1. What's the number of the condition VAL14 fails, among (1) under 22 Å from HIS129 (Cβ atoms); (2) at pLDDT 90 or above; (3) touching a strand residue (DSSP E or B) at 6+ places or on another chain (Cβ under 8 Å)?
2. Output the residue which, of all residues in the stretch 113-153 that are free of Cβ contacts under 8 Å to residues at least 24 places away in the same chain, of a type outside the set (A, V, I, L, M, F, W, C) and outside any helix (DSSP H, G or I), is nearest to THR26 (Cα to Cα).
3. Can you tell me how many residues within the stretch 21-46 are free of Cβ contacts under 8 Å to residues at least 24 places away in the same chain and aromatic (Phe, Trp, Tyr)?
4. When the residues of the stretch 25-51 are narrowed to those that are under 15 Å from LEU109 (Cα atoms) and aliphatic (A, V, I, L, M), which ends up surrounded by the fewest Cβ atoms within 10 Å (Cβ to Cβ)?
5. Restricting to the stretch 52-80, and then to whatever is part of a loop (DSSP other than H, G, I, E, B) and open to solvent by less than 40 Å² (accessible area, probe 1.4 Å), can you tell me which residue is nearest to HIS129 (Cα to Cα)?
6. Check the stretch 120-127 and report whether any residue there is under 20 Å from PRO34 (Cβ atoms) and either under 16 Å from the mean Cα position of the chain (by Cα) or surrounded by fewer than 19 Cβ atoms within 10 Å (Cβ to Cβ) (or both).
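The values are calculated or read from the model by the stated rules, or taken from the named source; none is laboratory data. Treat the numbers as computed from the prediction; the structure is a model and nothing was measured. Every residue, glycine as well, gets a Cβ built from its backbone with ideal geometry; the counts of neighbours run over all protein chains shown. These area figures cover heavy atoms from the full protein model, side chains too; ligands, DNA and RNA do not enter into them. Shrake-Rupley method; radii C 1.70, N 1.55, O 1.52, S 1.80 Å.
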Amino acid sequence: MKCPALVTAPRIVVPGATTALTRRTTLRKAFLAPWDPLVEQSFLYSLADAQRHTGVAVHHSVRVVNHHHTSATPTQDNFPEFSRRLHRDVSCSLNTLLAERRYDAPRELFDDRPAHMMRLVDAEAQASHLVYEYLNTVAAGLVQRPEHMPGRTLDFGLWKAALSGRKDVTFK
């Protein structure tokens with residue numbers, strides 16, 4: 001009889017390869033839904049802080065009530081650390097928020113399965129996945145149009161084109 005592995009199987013992290021990251025909440029509860037304005041702020045802060053500490057380039061992120069989709073590119077072998085920081089900080093902040101609002105906090109916001117990571121091998125795969133992430137709320141039956149989903153994180157309107165008129169932003 002073979003014993004089950006106690007450690008997550010190692011993942012191949014390729015610096016410079018865009019990766020899609022997804023993680024579900026415990027019992028698929030709607031912890032990432034916009035039930036409080038601080039949910040989005042907590043998620044954005046955690047995403048930015050994980051990016052700041054690891055240097056992973058974040059391209060797109062969408063919260064879909066009980067999970068999130070994030071597309072990012074590791075700059076070195078730093079994607080596991082990025083994922084760990086993001087999920088730990090979101091879990092801590094939302095557990096605190098739930099307790100402050102007098103809801104039962106689950107302790108572990110995300111389920112015990114490892115985060116799903118999928119390498120997007122070329123521009124076509126990246127574009128296809130971005131469209132999938134954008135339309136996921138419609139496919140899940142949550143809204144009729146993507147822009148109707150409250151609290152969407154890092155929407156297309158926040159990409160570089162939207163910043164081109166700002167003087168404090170420079171492009172290479």
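1. (2)
2. GLY141
3. Number of matching residues: 1.
4. Residue satisfying both the conditions and the ranking: LEU27.
5. VAL64
6. no
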